[in-house]
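Read-outs: derived from the displayed coordinates by stated rules, not from any lab. Treat the numbers as computed from the prediction; the structure is a model and nothing was measured. FYI the Cβ positions are ideal-geometry reconstructions off the backbone, even for glycines, and counts take in every protein chain you see.
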Amino acid sequence: MLQKINIEHLLFLDIETVPEEKTFDSLDETKQHLWDQKTQYKRTVDVSAREFYDNAGIWAEFGKIICISVGYFNFKGEKRHFRVTTFHGEEKEILKEFKALLGDHFRHPKYLLCAHNGKEFDFPYIARRMIIHGVSLPSKLDLFGKKPWEVPHLDTMELWKFGDYKHYTSLKLMANVLGIPSPKEDIDGSMVRGVYYEDQNLDRIIEYCEMDVITVAQVLLRLRNEPMLGESEIKRV
C-alpha cells in the first residue's frame, strides 16, 4: 500500500521547539502554578517545577516553535531531487508562512504531511500554536469530523509500529537499524533550548532540523525498499 503513494505528493516536515520564556521566573504567577500542576506527574519528588522548566518546549501550552523545516521530492525525467527549506523568525510569522505553503502548493487532498512521530507531536503542536496565535487552521491540520482514513498525515514511526501501539522508536534508532548513514549532527533535541537561549545560534538548530527532515525522507524510502538519497540529490533552498 505504501508503494501506491506518489512520493511527490508528500511534504516532509520537522519542528524545533523551546520553552516560550527563557526562564521559569519570566512566567507570571498563574502560568507558574499551571506549569507546576501540568508537570507533577513527570517530575520526581526532588525536582521542582522551576528546575523542570527547561523541558517546557515539549508542551504547546508552555513552549513555542522556533523553526519548521520542510522537504519534498521533485522528479525531472529520471532525475530525482529532494528540496529542503526552513521557516524561522517570530513564531506567528513562521506559522503563517507554513500555512501559506500548504494553501499555495499542498492544498489538494492528494497531498499528505509526513513526519516521524508527527501524529503525536509535530502536527498537533503546530495546530495548537496556530490557535493560540489566532491563525486559522489549514485543512491539512483541521481534523474535526474526519474519519481516520481521511486524515492527510503519514507518520514513519506509526508505519514502523505495524499495529503495535506500545512501541516507540526514535528517528535516530530507526535510521540506524535501517542502515541509513547518520548525519553529522553536533546537537540533539535535548540541547536545542540551550543553543537557542544561551548560545543564540538559530542557524545551528535549523541545520539540525533540516537533517531530521532528510532522515525522515530516507526512512520512508527504505520502508518502500527504494534507493536512498545521495548528497547530490539534496537541494537546500
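Which helices of the chain meet both criteria: a Cα extent of 27 Å or more along the helical axis and a mean Kyte-Doolittle score no lower than -1.0, with helices taken as whole DSSP H segments?
Working: long enough: 202-223 (32 Å, 0.86).
Helices meeting the span and hydropathy rule in the chain are 202-223.
Between Pro19, Pro124, Pro227, the residue with the greatest mean-square fluctuation in the GNM of the chain (Cα pairs under 10 Å linked by springs) is Pro227.
Only Lys, Arg, Asp and Glu count, each charged at its Cβ (+1, +1, -1, -1), so figure out the dipole size of the stretch 68-187 about its Cα centre, rounded to 20 debye.
Working: 19 positive and 15 negative charges, 70 e Å.
So the magnitude is around 340 debye.
Restricting the trypsin sites (Lys or Arg not before Pro) of the stretch 94-128 to loop positions (DSSP other than H, G, I, E, B) with no more than 14 neighbouring Cβ atoms within 10 Å leaves Arg107, Lys110.
Each Lys or Arg adds one and each Asp or Glu takes one away; over the other residues whose Cβ falls under 13 Å from the Cβ of Asp203, this sums to -3.
Can you tell me the alpha carbon radius of gyration of the stretch 1-132 divided by the globular rule-of-thumb value 2.2 N^0.38 Å? Can you show the working numbers first?
Details: Rg = 18.2 Å, N = 132, 2.2 N^0.38 = 14.1 Å.
Against the empirical 2.2 N^0.38 Å value, I get 1.30 for the stretch 1-132.
Subtracting the Cα-Cα distance of Lys172 and Arg50 from their residue separation scaled by 0.36 nm leaves 40.9 nm. Annotation: for a label point projected 7 angstrom from Cα along Cα→Cβ of Lys146, residues of the stretch 74-115 with backbone N closer than 16 Å are 99-115. Centroid-to-centroid, using Cα positions, the stretch 146-192 and the stretch 26-89 are 16 Å apart.
When the chymotrypsin sites (Phe, Trp or Tyr not before Pro) in the stretch 115-184 are filtered for DSSP coil states and for at most 10 other beta-carbon atoms within 10 Å of their beta-carbon, the remaining sites are Phe144, Phe162, Tyr165.
Between Ala60, Ala115, Ala100, the GNM of the chain built on Cα springs shorter than 10 angstrom shows Ala100 fluctuating the most. For the stretch 1-77, GluC sites (Glu not before Pro) are listed when DSSP marks them as loop and at most 15 other Cβ atoms sit within 10 Å of their Cβ; the list is Glu61.
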